[in-house]
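Peer 1: Got a structure for you, written out below as C-alpha cells; questions coming shortly.
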Amino acid sequence: MIKNVCIVGGGTSGWWTAGYLQKKHPELHITLVESPKIPTSGVGESTMPNVRNFFEELDIKEEDWIATCSGVRKQGNVKTNFSYVGDDPYNFMFIHKGFDEWFDKYNKGLVDKYSCYDLYDPNEWRGFAYHIDAAQSWQIVKEHTENVTHILKEISSLDELPPADLYIDCSGLKKILTKDREHHSYPDTLTNTCVVRRVKGETKYHSETIGRDYGWQFNVYLSDGRIGCGYVFSDKYISIEQAKDEWMKHNGHKEILTDWNILQWNPGRLVESWKDNVVAVGLSSGFVEPMEANGLSLLVNQIRTLSRVLHKNNAGKLYNRHVNKVHDEVADFIWHHYACTSRNDTDFWKHYAKIDGKTSLWKRIKEKTKLEPYLYPSYVYAYLAIYYGLKNDS
Ligand SMILES: Cc1cc2nc3c(=O)[nH]c(=O)nc-3n(C[C@H](O)[C@H](O)[C@H](O)COP(=O)(O)OP(=O)(O)OC[C@H]3O[C@@H](n4cnc5c(N)ncnc54)[C@H](O)[C@@H]3O)c2cc1C
C-alpha cells in the first residue's frame, strides 16, 4: 500500500499532481522537492477543454484560477501556411453539436467550409478551452494544497530524496529520476526545438498556428496583453541562431518583452513511464512537440490515470499502457498536420510532401468516435481535412 509519495519538481506537473492526489487520496503523505534555481518551462500555453474539468475536480473556481495565470477563454485555433504559403487561415473551433451533420453536407458540396462557424456555441460543454501562462498556473493549486511537505533543494539522484513508497518525476525535460530509461522515438516528428519570446499585443480569443520555413510559429494570447510567441523548428535543417533570425523577420516589429527562451526535446516518450517505484508525469514522461495544445491535456490525463490506478496491484502496467496510448495518439494527430502538406519550398516541407497522410486521415475520421475516450476525437481530424481542402474519399 502506497502511503508516502515524493514528487520532484515544482512546476505545473509537480503542483497539479500534488493537489490532485491530496484531494483524491487524503490518506497520502506527500513531499514535494523542487530546485530553488531551475525555472519552470512555461511559455504561454494553449489548452484543451479538459483543463477546465480538472480545476472543477479540485474545487477551484474558474474566475479564481484564470485570474492567477493571466488566462483567457479560447474558442479555437487558427491555422495557416501548412497546406501552402498564403493559404486561407482556418479556425478549428470547439464545435460539437451538429458538427457531424454539417460535415456530411460539406462533403456533398452543399455548404462552404466557413458555414460551420454558425454552429459555434461558447456555452456548450467543451465549447471552449484556455490560454494560460503555465509559469503561473501551479501557484493557485499550491495555495489550495495543504499538508504537503515542501522542500527547496536541487537533487541529482534518488538517494538525495526522503524515503517514500512512490517517487514521481515531475522535473520536466531534465527527467532527473528517469533520464536513463528506454526512449520510444517518433522519428517522423522532425520539430525538436523552440525559440520563444513574449511580445505585447491585443488579446485574442483563439491561438494561432502559422507554418514557417522549417516548422511553425505559435501565438498564445494572455489576458494581460502578453503573447507567447514561439518558433518550433527542426534543428536538422537550421541552427538556433537561424531560427532566431527567422523569428525576428516575422515578429521583430512587435514590442518584445522578454529575452530568448530556448527549449529542446527528443520527440518521443518513455517506454515505461512507471518502473519499479518511480513514475514520470508531465514533460519528463515524454513530449511530441507543442502542436494542438497537447502538453497540459496530457498532463491532466496522466494525473487522473495515476490517481485511478494508484492502489492497484498492476498499477505500473495500467499506467504505462494508458499513457503510451495517449502519447501515440497525440503524435499521430500532429503527424497528419505535416503529412498532408503540399509545401515544397524547403527541405523540411519536402520531407513531408513526399508522405501520403491523406489516406490515413480519412481512416481516422471514420474509425474514431466523437468524444471520449480520445484526446483528439474524429471531428478534429475532420477539421484537418477541411483545412486541406479534402472531400470525402468514398
Ligand atoms: C516549447 C514548448 C511549448 C509548449 N506549449 C504548450 C502549449 O501550448 N499547451 C500546453 O498544454 N502545453 C505546452 N507545453 C507543455 C507545457 O509547458 C508543460 O507541459 C508544462 O509546463 C508542465 O511542465 P513540467 O511541470 O512537466 O516541467 P517544468 O515546468 O519544466 O518544471 C520542472 C520542475 O522541476 C524542477 N527541477 C528540475 N530539475 C530539478 C532538480 N535537479 N532538482 C529539483 N527540482 C528540479 C524545476 O525547478 C521545476 O520546478 C509546451 C512545452 C514546450 C517545451
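Peer 1: When only Cα pairs under 8 Å and 6 or more residues apart are kept, what is the percent relative contact order across the chain?
Peer 2: Relative contact order of the chain: 20 percent.
Peer 1: Separate question: Calculate log10 I(q)/I(0) of the chain for q = 0.08, 0.10, 0.11, 0.14 Å⁻¹, where I(q) comes from the Debye formula with a single equal point scatterer on each Cα and nothing for solvent.
Peer 2: Once normalised to I(0) and log-transformed, intensities are -0.41, -0.65, -0.80, -1.30.
Peer 1: Test of understanding: in a Gaussian network model of the chain with alpha carbons linked when under 10 Å, which of N324, N251, N219 would top the mean-square fluctuation ranking?
Peer 2: Result for the chain, Cα springs under 10 Å: N251 fluctuates most.
Peer 1: Mean Kyte-Doolittle of at least -1.0 plus a Cα span of 20 Å or more along the axis: flag which DSSP H helices in the chain meet both, please.
Peer 2: Sorted by number, the helices that extend far enough and score high enough are 294-309, 315-339.
Peer 1: Relative to the compact globular guide of 2.2 N^0.38 Å, what is the alpha carbon radius of gyration of region 165-246, as a ratio?
Peer 2: 1.39
Peer 1: Cut-off 10 angstrom, C-alpha nodes, Gaussian network model of the chain. Which of K244, K200, K363 fluctuates the most?
Peer 2: Ranking K244, K200, K363 by mean-square fluctuation puts K363 first.
Peer 1: Starting from the exponent 0.38 and prefactor 2.2 Å, build the expected Rg for region 224-355 from its residue count and divide its actual Cα Rg by it.
Peer 2: 1.30
Peer 1: Stokes-Einstein diffusion coefficient for region 289-394 at 4 °C in a medium of 1.567 mPa s, Rh from the Kirkwood formula over Cα pairs: what value in µm²/s? Don't skip to the answer; put the middle values down first.
Peer 2: Working: Rh = 15.4 Å.
After rounding, the answer is 84 µm²/s.
Peer 1: Would you grab the residues whose amide H sits under 5 Å from the one on M93? Only those 5+ places off in sequence or on another chain, please, with H modelled 1.01 Å from N.
Peer 2: N77
Peer 1: If you don't mind, there's one more thing I want to ask. Give the cross-link partners of K24 among the lysines, using a straight C-alpha distance below 16 Å as the criterion and excluding same-chain residues fewer than 8 apart.
Peer 2: Correct list for K24: K3, K142, K312.
Peer 1: What is the pair-distance distribution P(r) of region 228-274, computed from all Cα-Cα distances in 5 Å bins starting at 0, with each bin given as a whole percent?
Peer 2: Bin by bin from 0 Å, the calculated values are 5, 14, 27, 19, 12, 9, 6, 4, 2, 0.
Peer 1: Right, next: Picking from K366, K37, K23, which is most flexible by a Gaussian network model of the chain using Cα springs under 10 Å?
Peer 2: Highest fluctuation of the listed residues: K37.
Peer 1: If you don't mind, another one. Which aspartates and glutamates have a Cα lying under 15 Å from the Cα of K275, excluding residues fewer than 8 positions away in the same chain?
Peer 2: By straight Cα distance, K275 reaches D165, D169, D180, E182.
Peer 1: What FRET efficiency do you get for S115 and E367 if R0 is 22 Å and r is their Cβ-Cβ distance, rounded to the nearest 0.05?
Peer 2: Values: r = 26 Å, r/R0 = 1.18.
It comes out at approximately 0.25.
Peer 1: Please state the equivalent ellipsoid semi-axes for region 20-167: what are the square roots of 5 times the Cα gyration tensor eigenvalues, largest first, in whole Å? If you can, show how the numbers build up before the last one.
Peer 2: On the way: eigenvalues 341, 70, 39 Å².
Gyration-tensor ellipsoid for region 20-167: 41, 19, 14 Å.
Peer 1: Continuing with the same structure: Can you give the Kirkwood hydrodynamic radius for region 49-94, in Å, rounded to one decimal and based on Cα pairs?
Peer 2: Evaluated on region 49-94, it is 12.8 Å.
Peer 1: How long are the three semi-axes of the equivalent ellipsoid of region 118-158, in whole Å, if each is the root of 5 times an eigenvalue of the C-alpha gyration tensor, listed from largest down?
Peer 2: Result for region 118-158: semi-axes of 37, 14, 9 Å.
Readers should treat all values here as calculations from the given coordinates under stated rules, not as data from a laboratory. Just so it is clear, the model here is predicted, and its values are computed rather than measured. Methodologically, a virtual Cβ is constructed for each residue, glycine included, from the backbone with ideal geometry; neighbour enumeration extends over all protein chains shown.
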